[in-house]
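One structure is given here, and the rest of the page talks about it.
The values are calculated or read from the model by the stated rules, or taken from the named source; none is laboratory data. On a predicted model such as this, the values are computed, not experimentally measured, just so you know. Cβ sites come from the backbone with ideal geometry, for glycine too, and all protein chains shown count toward neighbours. Just the protein is used for accessible areas: all its heavy atoms, side chains included, with ligands, DNA and RNA removed. Shrake-Rupley method; radii C 1.70, N 1.55, O 1.52, S 1.80 Å.
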Amino acid sequence: MTPLNLFAKSTVASRLLIAILLVSFIFTAAGTLLQLYLDYRTDMSFIEKQLQQVEEGYLKSLAKSTWDLDEQSLRLQLDGILQLQDVRYLEIRTELGQSLIRVGDRGGDRIQSHLFFLDHPYREQTYAVGTLEIVMSLEGVYERLWNKLRVILATQSIKIFCMSAFILLIFRLLITRHLTAMAAYARGFNLERLDQPLILNRKTGPQQTEDELEIMVNAFNQMRMNLIDDIDRRHQVEEDLRRMRNYLDNIVNSMPSALVGIDPVHQVTLWNRQCEILTHIPALDAVGQPMARVFPRLNHLRDRIDTAIRHQRMMSADRITWKDPDGSRYFNVLVYPLSANGIEGAVIRLDDITEAIRIDAMMIQTEKMISVGGLTAGMAHELNNPLGAILNSTQNIFRRLSPEFDKNRQAAEDCGVDLVRMNDYLGKRNILLFLEGIKSSGERANRIISNMLQFARKSNSSKELCQPVELMERAIELAAGDYNLKKEYDFRHIRLIRDYGTDVPAIPVVPTEIEQVFLNLLRNAAQAMTDHRKSAPPQIVLRIRPDNDVVRIDIADNGSGMDKNTRLRVFDPFFTTKPVGRGTGLGLSVSYMIITHNHQGTLEVESTPGEGTRFIIRLPMSADASADA
Ligand SMILES: Nc1ncnc2c1ncn2[C@@H]1O[C@H](COP(=O)(O)OP(=O)(O)O)[C@@H](O)[C@H]1O
Ligand SMILES: [Mg+2]
């Protein structure tokens, strides 16, 4: 509240004051004039009365004295008359106009002259004896009027001044200071001060009806309350909007799909969390940018997206492939045109179907392995007995031809044959070599069959916790010392890049089986280098990393790679592209069985012809997981 300042400038007060002054001046002036006029009239009638008094009291005796020419008496009487108020000059003239006697002073401006005829009765006759002139001075009248005027003016001025000051004070006290306070309140009014009501520094009586100021104050405060209500309502609406926005954001960001919103000129308007993960570009950097810059991988779909927006039709592109350092990824792309509420553009939805494709492929492979594997194992089982008989018999033939045993020599002697010379014959006719051939072929068949038997057999060796890195290192040693491999390609010429994670846990496996898998893969990689010599030096990247609840092992070479047909069949038993004797087509199928069937893991292949091949093994970290799987 501003302090009370009675002398502050107030235009309304001064205007009011001027109006009051003007009106009271006019009324005062009119009143004064009337007053003066009435006073003047009174004075004039007083003069009249005096003349009448002279006429009645003196005129007769004056006429007699004039008749008698009694100058002394005349003077006496005239002196008496001169004493009367306002009488200034008296002169008596004879009938003939001669001045008989005069008293007083005639001079001066404000005078009024009266002439009386002096008649004197004599013997029943009346004779005109002369005239009396009385000159009355109006000086006194005017002076009295003037004094009155001065008094009136002085008192009125004082009255008006006092009244003005009083009005000013009252006006300021009752109105202006409150108006100023209201103005100050209104000027300083803002949202922070919404809760401070306007209160005037004034006493309000117990009157029933509110005065104008109170009406104003109430109106102000009502306005304030309305504002508070409005703002509350607006806050509520904002809160609702915010909550709705959060909810929508949540939906958009919790979606497993990547969502990109674009306008008709392909500027990004929406970039959800999945999109950030996919591109490693935060939404803040992506929104507002041209999509070609932040998502160049979709550039080849540009025309189709445009068509979708233009014709307001949904567009889809399935199984789009992206090459990642970690291997290929597959996406289904859906483009929805937007048209509602004047918002134009489209939403692009990307669904990562890599996993689904992987599982699909795995299921197909597993089915195949189960059917083919069952058949293979059955065949192996059936062939195992005759093959055993062949190998056994061959072994026996060698033993029974040997001259070192007494029993053989005895039997030969009984038949009259020299064992040594018979061996010479067998050697000469290459029969021993044939037998050797039967033996080694039998052994090879035996190895194949024992591999084939793995398809049916659930590993009976027990699992133990092993470090995948150690198993890999042992497999590398075996590969380096592998005699058959050395004949084709020296494993030591291959550059091995070991990319082992530091936090790889030990996992429950049958170590010999996993070593065998690693060895198979390393051997295949080395063979793929032999077949394909190119400018880049041969190398194999070995990567072992924990990945959620599995350990992932990548073996990637830069060898020949394979075409799609080969890639789709590599895990098939007996599928090989290698010449007879060099490949059996069992290495990968056996590995596949070991990883998926015996260890509940997965084995996948990715390959680009001419560039290289990557095998990906995933092995569960805990035995429980593998039992559930
Ligand atoms: N690292 C590799 N690079 C290129 N091709 C490969 C690779 N590994 C396997 N293959 C292909 O897969 C086929 C099957 O392999 P595998 O089952 O080990 O049988 P084998 O090695 O006896 O041919 C091979 O013949 C070869 O064509
Ligand atoms: Mg092989």
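Using only the Cα atoms of segment 571-625, build the gyration tensor, take square roots of its eigenvalues as a ≥ b ≥ c, and label the shape rounded, prolate or oblate: rounded if a/c is under 1.5, else prolate if a/b is larger than b/c, else oblate. Let's see the in-between values first.
Details: a/c = 3.98, a/b = 1.59, b/c = 2.50.
Since a/c reaches 1.5 but b/c is at least a/b, the shape of segment 571-625 is classed as oblate.
Which percent of the accessible area of the chain is formed by carbon and sulfur heavy atoms (probe 1.4 angstrom)? Each step should come with its number before you reach the end.
Numbers: 21410 of 38440 Å².
Here carbon and sulfur together make up 56 percent of the probe-accessible area.
Among the trypsin sites (Lys or Arg not before Pro) found in segment 507-587, those both in a DSSP coil and sparsely packed, with 16 or fewer other Cβ atoms within 10 Å of their Cβ, are ARG533, LYS534, ARG582. Spatially, segment 30-102 and segment 536-606 are offset by 161 Å when compared through their Cα centroids.
Here the chain is treated with +1 on each Lys and Arg Cβ and -1 on each Asp and Glu Cβ, and its dipole about the Cα centre works out to around 2520 debye.
Going by the alpha-carbon gyration tensor, a ≥ b ≥ c the square roots of its eigenvalues, is segment 268-361 rounded (a/c under 1.5) or, if a/c is not under 1.5, prolate (a/b greater than b/c) versus oblate? Before the final figure, lay out each step's value.
On the way: a/c = 2.09, a/b = 1.38, b/c = 1.51.
Cα axes put segment 268-361 in the oblate bin.
Near the amide H of TYR127, within less than 5 Å, lie the amide hydrogens of HIS120, TYR122, all on another chain or at least 5 residues away, with H placed in the peptide plane.
Given a 1.4 Å probe, how much area per residue of the chain is accessible, in Å²? Mind showing how you got there, number by number?
Values: 38440 Å² over 629 residues.
Solvent-accessible surface per residue comes out at 61 Å².
Proximity of backbone amide H atoms, modeled 1.01 Å from N, is registered between THR584 and no other residue at under 5 Å, excluding neighbours fewer than 5 places apart on the same chain. Under a 5 Å amide H cut-off, with hydrogens placed 1.01 Å from N, GLN539 pairs with ARG495, ASN558 among residues at least 5 apart or on other chains. Bridgeable lysines around LYS159 (alpha carbons under 28 Å apart, same-chain partners fewer than 8 residues away excluded): LYS9, LYS148.
Volume per residue for segment 169-242 equals 96 cubic angstrom (convex hull of Cα atoms).
To the nearest 20 debye, what charge dipole does segment 522-589 have about its Cα centre, counting +1 at the Cβ of each Lys and Arg and -1 at the Cβ of each Asp and Glu? Walk me through the numbers on the way to the answer.
On the way: 11 positive and 7 negative charges, 44 e Å.
Result for segment 522-589 is approximately 220 debye, rounded to the nearest 20.
Exceeding 28 Å between C-alpha atoms, which entries from my cross-link table qualify? They are LYS428/LYS487; LYS368/LYS463; LYS463/LYS564; LYS439/LYS578. Too far apart for the 28 Å limit: LYS428/LYS487; LYS463/LYS564.
Evaluate the charge dipole of segment 56-116 about its Cα centre and quote only its size in Debye, nearest 20, assuming +1 on the Cβ of each Lys and Arg and -1 on the Cβ of each Asp and Glu. Intermediate results must be reported in sequence, preceding the final value.
Details: 8 positive and 10 negative charges, 19 e Å.
Magnitude of the dipole: close to 80 debye.
Against the empirical curve 2.2 N^0.38 Å, the C-alpha radius of gyration of the chain lands at a ratio of 2.73.
Count neighbours as other Cβ atoms within 10 Å of each site's Cβ, and list the GluC sites (Glu not before Pro) in segment 45-144 that are DSSP loop with at most 11 such neighbours.
On the way: sites: GLU48, GLU55, GLU56, GLU71, GLU91, GLU95, GLU124, GLU133, GLU139, GLU143; in loops: GLU95, GLU124.
Within segment 45-144, the qualifying GluC sites (Glu not before Pro) (loop, at most 11 other Cβ atoms within 10 Å) are GLU124.
Loop-resident trypsin sites (Lys or Arg not before Pro) (DSSP state other than H, G, I, E or B) in segment 108-209 with no more than 11 further Cβ atoms inside 10 Å of their Cβ: ARG123, LYS203.
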